[in-house]
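No value in this document is a laboratory result; all are computed from the given coordinates. Being a predicted model, the structure only gives us computed values, none of them experimental. Backbone-built Cβ (ideal geometry, glycine too); neighbour counts: all protein chains shown.
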Amino acid sequence: MKDSKVYAKKIAKLYRAMKKEHGKVKVVEYEDPVEAVVFGILCEHLALPAARTSLRKIKKHFVDLNDLRVSRAEEVVEVLGNDSEDIKTVANELSESLNAIYYKFDTISLMLLKDEGKRQARKKLVDLKKISPFVVNYCFLTALSGHAIPVSQSIADYLRVEELVHPKAKTGDIEGFLERQNKSDDGYEFFMLLKIHTDAAAKKTAKKLAKIAAVQEKKTAKKTAKKTAARSKAKEEKAVEKAGKKDVEKKVKKTKKAVEKTVKQTVKKNSKKAAKKTVKKAAKKTVKKAAKKAVKKTAKKASKKAAKSKK
C-alpha cells in the first residue's frame, strides 16, 4: 500500500487507543469452522450486538444449519425480524454459502479443514466462491488458528475516511497491510477492537462518506461541464472553420470563373485581332501580286506593239 510507513504509525497508535477505550476482548471458540462462516456472514453486514442477536434467533428457530440451508431467504428475513437491505443480504449469503459447502463436501460441516495444513485449508475456503473474502478471513482467524484481519466494507470505509490508510487503498490491500502490522497472537484482538470501534463510529463515518461523495459529485459535475463546454467550443470552431472553408471555396470558385471568363474574352479578342491582321496581310499580298501581274502584262503588251511597229 502507498505510504505504508506513514500509515503503520497511525495504525499502531489506533491499536493502543482502542485497547485503552474498549478494554480486553473475550476469545471466541468454534467447534466446527462452519459456525464461524455463519457468524462471519452476520458480522460482515451487521454491528456486533445485532449479529449476536441474529445468531440467537437463528439457533432458536432452525433445527440445525442444514435446516437453515434449505430454508427460503424470505423465511430467514422473517426470523431475523428486519427487512433492511443488510438483513436481506445476510439471508441470501447464508443460503448460498451453506449450499456451496454442502455441494462441495456433501455435508454441512468444515471439520475436515482442521486436519489440513493452514495454507491448504485457506485455499479450500477461498475455492468456495460463494463465501466472501471477509468470511474466509474470519473463519481462518477464529476457527483455524490462522493469521488474518477480516476487513468489511464498513471497516474499510472507516479507515479511509479517518486517513488511517491510503484513501484509494483497495480492501484486499488494507487486509494485507493490517496483517503485517499485527503479530499472529494479536490478530483476533485487533480485529475485534477494530470491529467494535468501527460500529461505534458508523454514523460519523456515514456522514463523512456522504460529504466526500457530495464533493466528488460536485467535482465530477464541474469536470463534465468543462468537458461539455470544451466539446461545444470545438464543435462551434469546427462549424466556423467549415463555414469559412466553404466561403473560401465559394470565393475561389467565383474568382476561377472570372479568370476563365477573362481568358476566354482575351483569347476571343486576340483571335479576332489575329484574324484581321491575317486578312489585311493577305489582301495586301493579293494587291501586290495583282499589280505586279498587271505591270508584267502591260510590259509584254507594249513589247509586242513595239515589235509590230518596226515591221
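Could you work out the relative contact order of the chain, using alpha carbon pairs under 8 angstrom and six or more residues apart, expressed as a whole percent?
19 percent
222 nm [θ] for the chain, helices only, -39500 (n - 2.57) per DSSP H run of 4+, per residue, to 500?
Dividing the helical sum by the residues of the chain leaves -27000 deg cm²/dmol.
Which of ALA243, ALA51, ALA213 ends up with the largest GNM mean-square fluctuation for the chain, with Cα atoms connected below 10 Å?
Its mean-square fluctuation being the largest, the pick is ALA243.
Give LYS5/LYS211; LYS195/LYS222; LYS183/LYS203 a once-over and call out the pairs whose C-alpha atoms are over 32 Å from each other.
Pairs exceeding the cut-off: LYS195/LYS222.
Among [x] 174, 45, 39; [y] 51, 45, 37; [z] 57, 43, 41, which is the computed Cα extents along the principal axes in Å?
Among [x] 174, 45, 39; [y] 51, 45, 37; [z] 57, 43, 41, the one calculated here is [x].
Relative to the present Cα-Cα distance, how much length would full extension add between LYS129 and LYS293 at 0.36 nm per residue of separation?
Length difference between fully extended and current span is 46.5 nm.
Expressed as an acute angle from 0 to 90° and rounded to the nearest 10, what is the orientation of the C-alpha long axis of helix 187-200 relative to the principal long axis of the chain?
Computed tilt is about 70 degrees.
Using alpha carbons only, how many degrees (0 to 90, rounded to 10) separate the axis of helix 202-310 from the longest principal axis of the chain?
So the inclination is approximately 10 degrees.
Between GLU21 and ASP106, what FRET efficiency follows from the Cβ-Cβ distance if R0 is 41 Å, with the result rounded to 0.05?
According to the calculation, E is roughly 0.35.
Quick check on segment 1-87: take the gyration tensor over C-alpha atoms, sort the square-rooted eigenvalues as a ≥ b ≥ c, and tell me if it's rounded (a/c under 1.5), prolate or oblate.
prolate
With axes computed from alpha carbons, what is the tilt in degrees of helix 118-127 against the longest principal axis of the chain, rounded to the nearest 10 within 0 to 90?
Approximately 60 degrees, to the nearest ten.
Full-extension gain between LYS118 and ASP247, please, as 0.36 nm times their residue separation minus the C-alpha to C-alpha distance.
Gain in length upon complete extension: 38.6 nm.
Near LYS268, which lysines are there with a Cα under 17 Å away, not counting those fewer than 8 places off in the same chain?
Within reach: LYS257, LYS276, LYS277.
Most mobile of GLY81, GLY244, GLY117 per a Gaussian network model of the chain (Cα springs, under 10 Å)?
Highest fluctuation of the listed residues: GLY244.
Could you work out, for segment 89-220, what percent of all Cα-Cα pairs fall into each 10 Å distance bin, beginning at 0 Å and stopping at the bin that holds the largest distance?
11, 36, 32, 17, 5, 0
Just in segment 58-92: which trypsin sites (Lys or Arg not before Pro) are loop by DSSP and have at most 11 other Cβ atoms within 10 Å?
Passing sites in segment 58-92 are ARG72.
Output wanted: per-residue J couplings in Hz (rounded whole) for segment 5-11, from phi through Karplus 6.51 cos²θ - 1.76 cosθ + 1.60, θ = phi - 60°, x for Gly and Pro.
For segment 5-11, the Karplus curve yields 5, 5, 6, 4, 5, 5, 5 Hz.
Run the quick spin-label model on LYS10 and LYS257: label points 7 Å from Cα toward the beta carbon, then report their separation in nm to one decimal.
7.3 nm
Based on other C-beta atoms within 10 Å, arrange ASP106, ASP86 from fewest to most.
Going from sparsest to densest Cβ surroundings: ASP106, ASP86.
With a 10 Å Cβ neighbour count serving as the proxy for reagent exposure, in which order, fewest first, do THR205, THR266, THR171 appear?
Ranking THR205, THR266, THR171 by Cβ neighbours within 10 Å, fewest first, gives THR266, THR171, THR205.
Using a Gaussian network model on the chain with a 10 Å cutoff between Cα atoms, which of GLU260, GLU44, GLU236 fluctuates the most?
Of GLU260, GLU44, GLU236, the Gaussian network model singles out GLU260 as fluctuating most.
Per 0.36 nm of contour for each residue apart, how much would the distance between GLU75 and MET1 grow if the chain were fully extended, relative to their Cα-Cα spacing?
Taking 0.36 nm per residue and subtracting the Cα distance, the gain is 22.4 nm.
What order do you get for SER154, SER145, SER303 when you list them from fewest to most C-beta neighbours inside 10 Å?
SER303, SER145, SER154
What's the FRET efficiency of GLU217 with LYS170 using the Cβ-Cβ distance as r and R₀ = 25 Å, to the nearest 0.05?
0.70
Quick one: if you stick a label point 7 Å off each Cα along the C-beta vector at GLU29 and LYS57, how many nm between them?
Once both label points are built, they end up 2.9 nm from each other.
Mean 1/r over all different Cα pairs, inverted: what Kirkwood radius does segment 214-263 give, in Å?
Result for segment 214-263 stands at 13.9 Å.
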